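These notes concern the structure reproduced below.
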Amino acid sequence: MGNPERAGDAPDAAASRVRFDKWLWAARFYKTRSLAAQAIDAGQARLAGVRVKPAHVARVGDAVTLRRHGIVAEVIVTALSERRGSATAAAKLYRETDASIATRETEELARRQAAELQPRFAGRPTKRDRRKLEDFLNEP
C-alpha cells in the first residue's frame, strides 16, 4: 500500500522542492512552462551559473541567472511555489541582486539614449510630404 514514512514526508518534500521550470513560470519570468523549459535548454536561465535541466530542483537561496532581450538579471530564490499567482505574489518568490539592478538600469538607459538618436519615420509620406520632397529635389 505504500511506505508510511514517504506518505508523511510528501507535504514537506513538495514544499522544499520545486522543478526549476515550474519555479520560473510561477515567478512570472516566462508566460508558459514550455517557454521556461526552452529557455533553460538554451542556457538562458541558469542555476548558480550552471546549465541544468528543466526538472532540476530549485531551492531557497539558489542564485538564478536569466538572460532576456540581451539583459542579464541575477536573482536569489527567496520562496518556492508550484502555482502561478498574482504578480505581487510572484515578486515575493525572488530578490534581484543590487549589482543586477545597477547593470540593468544602465543598460536600459543606454538603450533609451540609442533609441532617441535613431531617426523616426512616421511611415509612408503623405501627398503633401511627397510634393515638398519633389519641390526640394527639383530646385536648381
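Is there a residue being part of a helix (DSSP H, G or I), free of Cβ contacts under 8 Å to residues at least 60 places away in the same chain and among the aromatic types (Phe, Trp, Tyr) anywhere in region 15-38? Spell out how you get there, then give the answer.
Filtering region 15-38 for residues part of a helix (DSSP H, G or I) gives 15-16, 20-26, 33-38.
Narrowing the set further to residues that are free of Cβ contacts under 8 Å to residues at least 60 places away in the same chain leaves 20-21, 24-25, 33-38.
So of that shortlist, the ones also among the aromatic types (Phe, Trp, Tyr) come out as 20, 25.
Yes, the conditions are met somewhere in region 15-38.
Where in region 55-140 are there strands (runs of 3 or more DSSP E), lying wholly inside it, with at least 3 residues that are under 23 Å from Thr32 (Cα atoms), at pLDDT 90 or above and not basic (Lys, Arg)? Spell out how you get there, then give the answer.
Working: elements: 63-68, 71-77, 94-96.
Filter on region 55-140 gives 63-68, 71-77.
What pairs come up if the first residue lies in region 95-107 and is without any contact (Cβ under 8 Å) to a residue 24 or more places away in the chain and farther than 15 Å from Gly70 by Cα, the second is of a type in the set (A, V, I, L, M) and surrounded by 15 or more Cβ atoms within 10 Å (Cβ to Cβ), and their beta carbons are under 6 Å apart, counting only those six or more places apart or on different chains?
Listed by first residue and then by second, the contacts come to Glu96/Val75.
The values are calculated or read from the model by the stated rules, or taken from the named source; none is laboratory data. Just so it is clear, the model here is predicted, and its values are computed rather than measured. Here Cβ is always computed from backbone atoms with ideal geometry, including for glycine, and neighbour counts include all displayed protein chains.
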